[in-house]
Ligand SMILES: [Zn+2]
């Protein structure tokens, strides 16, 4: 993560960094991951069901929940990575609090 210490326009060091792409990426990734997790949830439910002999119906439910959670977590991680890439290449990341201009590193 590049962090400029001063504004290239007015040389002020009152600069804040935005992570628009990272947030958008994380959100989209989480949604996509949860959707993908639904597929995993089915597999998890099957696994849970086979374990259900021991754990009962709660086993298949826990398997489905685990599948969705794992999918969402994986999707979020991927989304953040993609979002960081977008931040680096597309979104303006830094804003000067003195002159109000935005700039990328
Ligand atoms: Zn400035």
Close pairs from the range 2-13: first on the phi < 0 side of the Ramachandran plot and assigned to a loop (DSSP other than H, G, I, E, B), partner at pLDDT below 90 and more than 9 Å from the ligand (Cβ to nearest atom), Cβ under 7 Å, at least 6 apart: 2/105; 3/17; 4/94; 4/105; 13/5
Answer from 101, 93 - the residue that is at pLDDT 75 or above, crowded, with 16+ Cβ neighbours inside 10 Å and within 16 Å of the ligand (Cβ to nearest atom): 93
Considering residues of the range 1-27 that are at pLDDT below 80 and under 9 Å from the mean Cα position of the chain (by Cα) only, the residue nearest to residue 66 (Cα to Cα): 26
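The values are calculated or read from the model by the stated rules, or taken from the named source; none is laboratory data. Predicted model, so just to flag it, every value in this text is computed and none were measured. Positions of Cβ are generated from backbone atoms using ideal geometry, with glycine treated the same way; all protein chains shown enter the neighbour counts.
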